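K.L.:
Got a structure for you, written out below as structure tokens; questions coming shortly.
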Amino acid sequence: MSIMEIRNIRYSYDDKRNVLKSVNAELEAGKMYAILGSSGCGKTTLLSLLGGLDSPQSGQILYNGEDIEKTGLAAHRKNHVAFIFQSYNLIDYLTPRENVALTSKVPPMPVLERMGLTEEESRRNVLKLSGGQQQRVAIARALASDASVILADEPTGNLDEDTAVDITNILKECAHQMGKCVIIVTHSNDLAKQADVIFRLKKGELQQI
């Protein structure tokens, strides 16, 4: 059974340009999904809709069979999904430990160590970390939450090749070993090839490759 379902979603900017046209998909726990598409095609918009950050003009997004609009977008964001933003979206005056602690009741160090950060690095201000380290903190924050769905927007876009491979493997582990539904939007064909299911968003339509 799917954990999330997209039913006939339509979204347009200013009711003029249709970015998403009757988009449908079923997304299961324990799998990693990649959504490919060119810049401006609506990938990030679709991710925002899945995360309850915005509402479609028509159609439904279901979580465990229930319409997230009816159960409440704020509750969906709080309880069901965790975001990994391309810009990291960390609180820049806090340390990695403090950033992770904000989203989880579990001790932050085990998950930060799993992401490759040392005790000393975990106590630095996040702005004193490299881009790759900041992305690892962002992923640690998502992993430490109770959310069963991880939504990642270009998670390897700002990273060097080796770090990108590490991050991709961690996201696969989130799906295959932790049973989470991981949904990634990306330009990277290399990252997409690691996914269990690949979609392409083109001309407002989502097609499985």
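The values are calculated or read from the model by the stated rules, or taken from the named source; none is laboratory data. From a predicted model like this one, the values you see are computed outputs, not experimental measurements. Virtual Cβ from ideal backbone geometry, glycine too; neighbours counted across all protein chains shown.
K.L.:
Could you list, ordered by first residue, the pairs with Cβ atoms under 6 Å in which the first is in region 52-79 and surrounded by 14 or more Cβ atoms within 10 Å (Cβ to Cβ) and the second is at pLDDT below 95 and of a type in the set (A, V, I, L, M), at least 6 apart or interchain?
P.N.:
none
K.L.:
Also, I was wondering about something else. Given the residues LEU151, LEU143, LEU90, which is the only one that is in contact (Cβ under 8 Å) with a residue 12 or more places away in the chain, assigned to a helix (DSSP H, G or I) and under 20 Å from LEU171 (Cα atoms)? Steps first, answer last, please.
P.N.:
Numbers: LEU151 fails: assigned to a helix (DSSP H, G or I); LEU90 fails: assigned to a helix (DSSP H, G or I).
Sole residue among the options that is in contact (Cβ under 8 Å) with a residue 12 or more places away in the chain, assigned to a helix (DSSP H, G or I) and under 20 Å from LEU171 (Cα atoms): LEU143.
Yes/no matrix, rows are residues, columns are (1) of a type in the set (Asp, Glu); (2) surrounded by 20 or more Cβ atoms within 10 Å (Cβ to Cβ); (3) within 25 Å of LEU94 (Cβ to Cβ):
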{"residue": "ASP146", "(1), (2), (3)": "yes, no, yes"}
{"residue": "ASN158", "(1), (2), (3)": "no, no, yes"}
{"residue": "ASP166", "(1), (2), (3)": "yes, no, yes"}
{"residue": "LEU171", "(1), (2), (3)": "no, yes, yes"}
{"residue": "LYS180", "(1), (2), (3)": "no, yes, yes"}
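K.L.:
Test each condition in (1) free of Cβ contacts under 8 Å to residues at least 60 places away in the same chain; (2) more than 25 Å from ASN99 (Cα to Cα) for ASN189 and report the one that comes out false.
P.N.:
Result: ASN189 fails condition (1) only.
K.L.:
Quick one: which of LEU102, LEU151 is under 28 Å from TYR63 (Cβ atoms) and touching a Lys or Arg at 6+ places or on another chain (Cβ under 9 Å)?
P.N.:
LEU102
K.L.:
Right, next: Out of region 86-98, which residues are surrounded by fewer than 17 Cβ atoms within 10 Å (Cβ to Cβ) and among the aromatic types (Phe, Trp, Tyr)?
P.N.:
Answer for region 86-98, where residues must be surrounded by fewer than 17 Cβ atoms within 10 Å (Cβ to Cβ) and among the aromatic types (Phe, Trp, Tyr): just TYR93.
K.L.:
If you don't mind, there's one more thing I want to ask. Out of ALA101, ALA152, ALA175, ALA140, I need the residue that is crowded, with 21+ Cβ neighbours inside 10 Å, among the hydrophobic types (A, V, I, L, M, F, W, C) and farther than 18 Å from GLN86 by Cα. Which one?
P.N.:
When all the criteria are applied, what remains is ALA175.
K.L.:
Here's a follow-up. Give region 74-100 a look and list any residue that's over 9 Å from ALA138 (Cα atoms) and of a type outside the set (A, V, I, L, M, F, W, C), or say none.
P.N.:
HIS76, ARG77, LYS78, ASN79, HIS80, GLN86, SER87, ASP92, TYR93, THR95, ARG97, GLU98
K.L.:
Additional query: Being out of contact with any His (no Cβ under 6 Å at 6 or more places or on another chain), more than 20 Å from GLU154 (Cβ to Cβ) and surrounded by 16 or more Cβ atoms within 10 Å (Cβ to Cβ) is the requirement here; does GLU121 meet it?
P.N.:
Spelling it out, GLU121 is indeed out of contact with any His (no Cβ under 6 Å at 6 or more places or on another chain), more than 20 Å from GLU154 (Cβ to Cβ) and surrounded by 16 or more Cβ atoms within 10 Å (Cβ to Cβ).
K.L.:
Go through region 138-159 residue by residue and tally those that are at pLDDT 90 or above, under 23 Å from GLY42 (Cα atoms) and in contact with a helix residue (DSSP H, G or I) (Cβ under 7 Å, 6 or more places away or on another chain).
P.N.:
4
K.L.:
Okay, moving on. If you go through region 2-12 one residue at a time, do you hit one that is more than 20 Å from THR156 (Cα to Cα), in a strand (DSSP E or B) and in contact with a Cys (Cβ under 9 Å, 6 or more places away or on another chain)?
P.N.:
Going through region 2-12, the residues more than 20 Å from THR156 (Cα to Cα) turn out to be 2-12.
Now narrow it down to the ones that are in a strand (DSSP E or B): 4-12.
So of that shortlist, the ones also in contact with a Cys (Cβ under 9 Å, 6 or more places away or on another chain) come out as 4.
Yes - at least one qualifying residue is present in region 2-12.
K.L.:
Another question, if that's okay. List the number of the failed condition for ALA25; all other conditions in (1) at pLDDT 95 or above; (2) under 25 Å from GLN134 (Cβ atoms) hold.
P.N.:
ALA25 satisfies every listed condition except (2).
K.L.:
Return a yes/no flag: does region 160-182 have any residue that is modelled with pLDDT of 95 or more and assigned to a strand (DSSP E or B).
P.N.:
The answer is yes, given that some residue of region 160-182 is modelled with pLDDT of 95 or more and assigned to a strand (DSSP E or B).
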